[in-house]
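A.B. asks: Sharing a structure here in structure tokens format.
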Amino acid sequence: MKFRYSARTKTGEMQVGYVEAPEKEGAFSMLTSHDLYVLSVEKVVQPQWYQVFFLYLRRVKRKDLSIFTRQFATMLSAKISIHDALNSLYRQTLNPILREAIFEILGDIDSGIPLSQALERHSEIFFEFYVNLLQSAEVTGQVEEAMGFLADYLEKEMILVSKVKNALIYPVFVLGLSVIVGGILIGLVFPQIAPIFEEAEFELPMVTRVFLSLGTFINVWWQAIILFAVVFIGIIVQYARSEEGKGVVNQVALSFPVVGELFRKLYVARFSEISSVLIKGGIPIAQAIEISGHTLGSPLYREALHDVSESVRRGELLSESFERQGKLFPPMVSQMVVVGEQTGKLDEMFVRIASFYSREVENVVGNLVELIQPLLMVIIGLVVGFLFASILLPIYSLIQVIR
């Protein structure tokens, strides 16, 4: 069996790691035989094959990270040491992945490694902006303030992104449900009434003939259709996860009239807020722009901000660089940056840009929610009416023939 332990040496140095032993008592004896004062020994439970899926669902989400950061910031503001705060968080954290990471970070801290460097070893959890902000805070001795800001930032980001997702999930769900209901009608209902129309000696409307043929096809080949749909969706999802696929999906999302504008404003708001904090924390402008691009999660904006940072490194004005990226950054961004460059208060200008576009995102989301519901009702009503008309029209013609 594998056990995770934490112990102290004779000199008081903290040591953490893993040990193999048949049982817990054997692990304890093995550690004490190496002149270690054992603090804790815990069995490492290996997940079964069926638990891998559930572990994926329990991965470290932004919500888990936000809770951890807020609790960590609260403890630091109460003047609790980093070691004691992490130790307390390790005991109360429920997410197994984050709990494991906290245990390893705690060991690194006790070994003398800086907090930012310990977090950097878990880059799949603590993103670049998170680590870089703490690095600059360690230099200035403002780790407590930086952790408090990160907690505020993650909470605001969750609220903003949640509003956008909620506005987009509803129409996608309703449209998907409509497609399923339409497929059931065409695949099950139409084949049942097809024999009635076949016995009648009159010309069926074109739309009815199309739906009857489609219904027969679905009824016969439904297994192959489902298999093809599953494989096709799997291929699409796999492609969307690749770097090229992410870029294509991002470009398609930004090309839609209303949704694209929403995402642009969301990206600009998040970029501006991150950049303001990094610049205020003493990180050079070019590096701050680069880090912001990696944090947004948009390949197009990452590439554009990389070009902007390279232009700044070559000595060009930041405002001029943004002006060349007019497709992704509205003119207001470059105009506000000009004012920031002239007054030497670039971080404050980014704060104002972030505040403005955050309000814009909220307004767009509110308008979308009000617009989508009646629009969907109209679309679904037309589709359902079209389907039933294709059934009722030939039935009406059949009644006329019988008379």
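Yes/no per residue for (1) touching a His at 6+ places or on another chain (Cβ under 8 Å); (2) in the same structural domain as Ile285 (by TED's automatic domain parsing); (3) within 30 Å of Ala288 (Cβ to Cβ); (4) small (Gly, Ala, Ser):
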position	(1), (2), (3), (4)
Lys156	no, no, yes, no
Gly176	no, yes, no, yes
Gly182	no, yes, no, yes
Leu212	no, yes, no, no
Trp221	no, yes, no, no
Lys246	no, yes, yes, no
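A.B. asks: Of the residues in segment 254-269, how many are crowded, with 16+ Cβ neighbours inside 10 Å and either touching a helix residue (DSSP H, G or I) at 6+ places or on another chain (Cβ under 6 Å) or outside the structural domain of Arg359 (by TED's automatic domain parsing) (or both)? Steps first, please.
C.D. replies: Taking segment 254-269 first, the residues crowded, with 16+ Cβ neighbours inside 10 Å are 254, 259, 262-269.
Going one step further and asking which of them are either touching a helix residue (DSSP H, G or I) at 6+ places or on another chain (Cβ under 6 Å) or outside the structural domain of Arg359 (by TED's automatic domain parsing) (or both), we end up with 254, 262-263, 265-269.
Selection size over segment 254-269: 8.
A.B. asks: I need the helices (runs of 4 or more DSSP H) fully contained in segment 68-148, keeping only those with at least 2 residues that are of a type in the set (D, E, K, R), modelled with pLDDT of 85 or more and within 22 Å of the chain's Cα centre (by Cα).
C.D. replies: Details: elements: 82-92, 96-110, 115-120, 128-140.
Result: 96-110.
A.B. asks: Taking interchain pairs and intrachain pairs at least six residues apart, which have beta carbon atoms under 8 angstrom, with the first residue in segment 23-46 and on the phi > 0 side of the Ramachandran plot and the second surrounded by 11 or more Cβ atoms within 10 Å (Cβ to Cβ) and at pLDDT below 80?
C.D. replies: Asp35/Thr9
A.B. asks: Then there's this: Can you name every residue in segment 288-318 that is surrounded by fewer than 19 Cβ atoms within 10 Å (Cβ to Cβ) and more than 30 Å from Ala240 (Cβ to Cβ)?
C.D. replies: Within segment 288-318, Arg313, Arg314, Gly315, Glu316, Leu317 meet the criteria.
A.B. asks: Name every residue in segment 72-115 that is of a type in the set (D, E, K, R) and within 23 Å of Asn132 (Cβ to Cβ), in order of residue number.
C.D. replies: Step one: of segment 72-115, the residues of a type in the set (D, E, K, R) are 79, 84, 91, 99-100, 104, 108, 110.
Within segment 72-115, Glu104, Asp108 qualify.
A.B. asks: Another question, then. In this structure, does Arg62 turn out to be at pLDDT 80 or above and touching a helix residue (DSSP H, G or I) at 6+ places or on another chain (Cβ under 7 Å)?
C.D. replies: Numbers: at pLDDT 80 or above: yes; touching a helix residue (DSSP H, G or I) at 6+ places or on another chain (Cβ under 7 Å): yes.
Here the answer is yes, as Arg62 does meet what is asked.
A.B. asks: Within segment 152-178, take every residue that is touching a residue at least 12 places away in the same chain (Cβ under 8 Å) and more than 17 Å from the chain's Cα centre (by Cα) and give me the one that is farthest from Glu360 (Cα to Cα).
C.D. replies: Checking each candidate, the answer is Ser178.
A.B. asks: Let me ask something else. Return the only residue of Val361, Val337 being modelled with pLDDT under 85 and out of contact with any Cys (no Cβ under 9 Å at 6 or more places or on another chain).
C.D. replies: Working: Val337 fails: modelled with pLDDT under 85.
Of Val361, Val337, the one residue that is modelled with pLDDT under 85 and out of contact with any Cys (no Cβ under 9 Å at 6 or more places or on another chain) is Val361.
A.B. asks: On to the next question. Taking segment 344-381 on its own, how many of its residues are of a type outside the set (Gly, Ala, Ser) and within 28 Å of Ser275 (Cα to Cα)?
C.D. replies: So in segment 344-381, the residues of a type outside the set (Gly, Ala, Ser) come out as 345-353, 356-357, 359-365, 367-380.
When the remaining residues are screened for being within 28 Å of Ser275 (Cα to Cα), the result is 345-353, 356-357, 359-365.
Final tally of qualifying residues: 18.
A.B. asks: Moving to a separate point now. Counting residues that are in contact (Cβ under 8 Å) with a residue 40 or more places away in the chain, which helices (runs of 4 or more DSSP H) fully inside segment 287-403 reach at least 2? I'd like the intermediate steps shown before the answer.
C.D. replies: Working: elements: 299-313, 318-324, 331-343, 346-402.
Those helices (runs of 4 or more DSSP H) span 299-313, 346-402.
A.B. asks: Could you check, for segment 111-132, whether at least one of its residues is without any contact (Cβ under 8 Å) to a residue 60 or more places away in the chain and farther than 28 Å from Glu290 by Cβ?
C.D. replies: Within segment 111-132, one or more residues are without any contact (Cβ under 8 Å) to a residue 60 or more places away in the chain and farther than 28 Å from Glu290 by Cβ.
The values are calculated or read from the model by the stated rules, or taken from the named source; none is laboratory data. Everything quoted here is computed from the prediction, not taken from an experiment. Cβ coordinates were reconstructed from backbone atoms using ideal geometry, including for glycine residues, and neighbour counts include every protein chain displayed.
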